[in-house]
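Undergrad: Below is one structure. I have some questions about it.
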Amino acid sequence: MSGFMNSVEELLTTISGIVWGPPFLILILGTGIFLTVRLGFLQFSTLPYALKLAFSKQDKKSEGDISHFQSLMTALAATVGTGNIAGVATAVVIGGPGAVFWMWISALFGMATKYGEAILAVKYRVQDERGRMAGGPMYYIEKGLGWKWLAVLFAVFAAIAAFGIGNTVQSNSVADVLDSNWNVPTWITGIALSILTGVVILGGIKSIGRVVSFIVPVMAVFYVVGGLIVIFGNLDLVPAAVGSIVSDAFTGQAAAGGAVGVVIQYGVARGVFSNEAGLGSAPIAAAAARTDYPGRQALVSMTQVFIDTIIICSITGISLVMGQSFVSGDLDGAPLTAATFEHFLGPAGSIIVSVGLIFFAYSTILGWSYYGERCIYYLFKTYRAVFAYRVVFVIAVFFGAVVQFGIVWSLADTMNGLMAAPNLIALLGLSGVITAETVRFRKRMKEEKNGTATWNKS
């Protein structure tokens, strides 16, 4: 049986390497760069306003199921997960310190990508049979580009991907860290996570929105504070760590095989795995938000990449390079991050990572369950199929906790690439729409600043 599993893992790793090869890296980074230039580097000039908007008084007049804040928290719930802890560690082990630099680059341009996704998601959203908002790449591909076949492909890939990036990877990492630190059997972790997941997702997006709006801020602050204690408590190590990250990004000396391409590949892949810019997942949550203009929700959605990668992943990456525990290659994933924090903070460090990972992973499972069910609804147009999907999704949480680590990550990477391709094609094809909506919203922002704006339901 082990031989069969190893063969499966090798096959998935090969496929993942092809999917995340140079053509795809050029497509995903190129899309972000293209939108950044076309939108006038909007992610930099509007970031302060976007952050203020995300945490300000919420719109209760416009159409939608959840608030701006709940939409952002749902997107963050789905992205702030094992990618921030285990994913960064894997990138540093294989790609070296320089991988962190390329995570930053992918995030900075990815903010424009995320902005574009959200604008299209809100613009082309529809109401389903129960009066709930339904939107995302499958809708803007069909209604905007007119390519139904490509929309169906995205929905299929995303529904499958939900079992990887948003399910089995998360439960696997939780089971791994609990087994390593507290000898909790993986099957017990699987059962517990399955029950907790089922209780929440049966209530739909409003239930998910309420739960993650509580969990995400608490867990993010908990982990970030722990990471900042590591960094500020060892400031003498920070300059060398940052210097190593920047220099290795262009030399690849610490990467597997000493290749710069490996550094870029794992930096971008793990960056996208963490913040999901370009995958087309977060706009599904953005479509459910109560908002008057697509551009307003797009700015809120854009902040998710900044919080996820520029803040949280940076804390993990810098801490890992400071600790140098990755050099030996004895540890990988969440156990490596836990060992690094424990090196600096003692037993409390391991607890911070372990508890943070548990909540990160659980919230990601909740967020991705919604993404998957929206894709299933698009494909089958019935809530019977959605209910069946939820049941299978909960069962998969258990199996993710007990299968091999390598297989889970390889499957997740492969599905991420496959679902991103249709979405990126749509973003490029509809870039004119994104620009037009941005111009319209900027006019609205100017009116609001001058006090001449009137309420608009559109």
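Undergrad: Below 8 Å, C-alpha to C-alpha, sequence gap of six or more: please give me the relative contact order for the range 1-148 in percent. Present the calculation step by step, with values, prior to reporting the outcome.
TA: Values: 78 pairs, mean separation 34.4, N = 148.
Worked out over the range 1-148, it gives 23 percent.
Undergrad: Normalising by the residue count of the chain, find the relative contact order in percent from Cα pairs under 8 Å and 6+ residues apart. Mind showing how you got there, number by number?
TA: Details: 849 pairs, mean separation 162.8, N = 458.
Relative CO of the chain lands at 36 percent.
Undergrad: Over the range 101-187, what is the mean sequence separation of C-alpha contacts under 8 Å (at least six apart), divided by residue count, expressed as relative contact order in percent? Working shown, then result.
TA: Working: 53 pairs, mean separation 12.0, N = 87.
For the range 101-187, the relative contact order is 14 percent.
Undergrad: Between THR14 and ARG210, what is the spin-label point distance in nm, taking each point 7 Å from the Cα along the Cα→C-beta axis?
TA: According to this spin-label approximation, the distance is 5.0 nm.
Undergrad: Let me ask something else about it. Would you mind counting up the charge near TRP104? Only other residues with Cβ under 14 Å from its Cβ, with Lys and Arg at +1 and Asp and Glu at -1.
TA: Numbers: positive: ARG270; negative: ASP248, ASP308.
Result for the local shell: -1.
Undergrad: Do the alpha carbons of any pairs in LYS148/LYS443; LYS114/LYS381; LYS52/LYS114; LYS52/LYS446; LYS52/LYS449; LYS52/LYS143 sit beyond 21 Å of each other, and which pairs?
TA: Working: LYS148/LYS443 33 Å; LYS114/LYS381 27 Å; LYS52/LYS114 18 Å; LYS52/LYS446 16 Å; LYS52/LYS449 14 Å; LYS52/LYS143 32 Å.
Long pairs (Cα-Cα over 21 Å): LYS148/LYS443; LYS114/LYS381; LYS52/LYS143.
Undergrad: Separate question: Let's test the formula: R0 of 56 Å, r as the Cβ-Cβ distance of ILE395 and LEU235. What FRET efficiency results, to the nearest 0.05?
TA: On the way: r = 47 Å, r/R0 = 0.85.
Rounded to the nearest 0.05, the efficiency is 0.75.
Undergrad: Here's a follow-up. What number, rounded to the nearest 500 deg cm²/dmol, is the helix-based mean residue ellipticity at 222 nm of the chain, given -39500 (n - 2.57) per DSSP H run of at least four residues and division by all its residues? Each step should come with its number before you reach the end.
TA: On the way: 22 runs with 336 residues, N = 458.
Counting only the DSSP helices, I get -24000 deg cm²/dmol.
Undergrad: Let me ask something additional. Rounded to the nearest 0.05, what FRET efficiency do PHE380 and ILE195 give with R0 = 22 Å and r taken as the Cβ-Cβ distance? Could you check?
TA: Details: r = 26 Å, r/R0 = 1.20.
After rounding to 0.05, the efficiency reads 0.25.
Undergrad: Could you compute the FRET efficiency for PHE4 and GLU447, with r as their C-beta to C-beta distance and R0 at 56 Å, rounded to 0.05? Please list the in-between numbers first.
TA: Working: r = 64 Å, r/R0 = 1.14.
Between PHE4 and GLU447 the formula returns 0.30.
Undergrad: Something else about it: Just the Kirkwood number for the chain, please: inverse of mean 1/r across all distinct Cα pairs, in Å, one decimal.
TA: On the way: mean 1/r = 0.0461 Å⁻¹.
Every distinct Cα pair counted, the radius reaches 21.7 Å.
Undergrad: Cα-based Rg of the range 160-214 per 2.2 N^0.38 Å, rounded to two decimals? All intermediate terms of the calculation are to be shown ahead of the outcome.
TA: Numbers: Rg = 12.6 Å, N = 55, 2.2 N^0.38 = 10.1 Å.
Normalised by 2.2 N^0.38 Å, the Cα Rg of the range 160-214 equals 1.25.
Undergrad: Moving on to the next point. Residues with beta-carbon under 11 Å from that of VAL169, excluding VAL169: net charge, scoring Lys, Arg +1 and Asp, Glu -1? Don't skip to the answer; put the middle values down first.
TA: On the way: positive: none; negative: ASP176, ASP413.
Result for the neighbourhood of VAL169: -2.
Undergrad: Among 262-275, 330-343, 382-395, how do they line up by average Cβ neighbours within 10 Å per residue, starting with the highest?
TA: Values: 262-275: 27.5, 330-343: 22.9, 382-395: 16.0.
Per-residue mean Cβ counts within 10 Å order the peptides as 262-275, 330-343, 382-395.
Undergrad: Please list, ordered by chain and number, the residues whose modelled amide H lies under 5 Å from the amide H of ALA249; skip anything fewer than 5 residues away on the same chain.
TA: The answer is GLY98.
Undergrad: With a 1.4 Å probe and all protein chains kept in place, how do ILE284, ILE310 rank by accessible area, largest first? Mind dumping the intermediate values first?
TA: Values: ILE284 5, ILE310 45 Å².
Solvent-accessible surface, decreasing: ILE310, ILE284.
Undergrad: Another question, if that's okay. Would you kindly derive the ³J(HN,Hα) couplings of the range 427-444 from the backbone phi angles with the Karplus curve 6.51 cos²θ - 1.76 cosθ + 1.60 (θ = phi - 60°), listing them in order in whole Hz, with x for Gly and Pro?
TA: 4, 5, x, 10, 4, x, 5, 4, 5, 5, 5, 5, 4, 5, 6, 5, 4, 5
Undergrad: Here's another thing I want to ask about it. Please compute the modelled spin-label separation between PHE222 and ALA388, points set 7 Å along Cα→Cβ, answer in nm with one decimal.
TA: If labels sit at ALA388 and PHE222, their model points lie 3.7 nm apart.
Undergrad: Can you give me the solvent accessible area of PHE398 with a 1.4 Å probe, rounded to the nearest 10 Å²?
TA: Counting only protein heavy atoms, PHE398 exposes about 60 Å² to solvent.
Undergrad: Please list 369-377, 85-93, 418-426 highest first by mean number of surrounding beta-carbon atoms within 10 Å per residue. Don't jump to the answer; show the numbers that get you there.
TA: Values: 369-377: 26.6, 85-93: 29.6, 418-426: 24.1.
So the order, starting with the most tightly packed, is 85-93, 369-377, 418-426.
Undergrad: Quick check for you: with a 1.4 Å probe and neighbouring chains kept, what is the accessible area per residue of the chain, in Å²?
TA: Numbers: 16730 Å² over 458 residues.
With all protein chains present, the chain gives 37 Å² per residue.
Undergrad: Ranking request for peptides 96-104, 41-49, 174-182: highest mean number of other beta-carbon atoms within 10 Å first, then the rest in descending order.
TA: Details: 96-104: 28.0, 41-49: 15.9, 174-182: 20.9.
The densest-packed peptide leads the list: 96-104, 174-182, 41-49.
The values are calculated or read from the model by the stated rules, or taken from the named source; none is laboratory data. Nothing here was measured: the structure is a model prediction, and the numbers come from that model. Cβ sites come from the backbone with ideal geometry, for glycine too, and all protein chains shown count toward neighbours. Note: accessible area is taken over every heavy atom of the protein model, side chains too, but ligands, DNA and RNA are not part of it. Shrake-Rupley method; radii C 1.70, N 1.55, O 1.52, S 1.80 Å.
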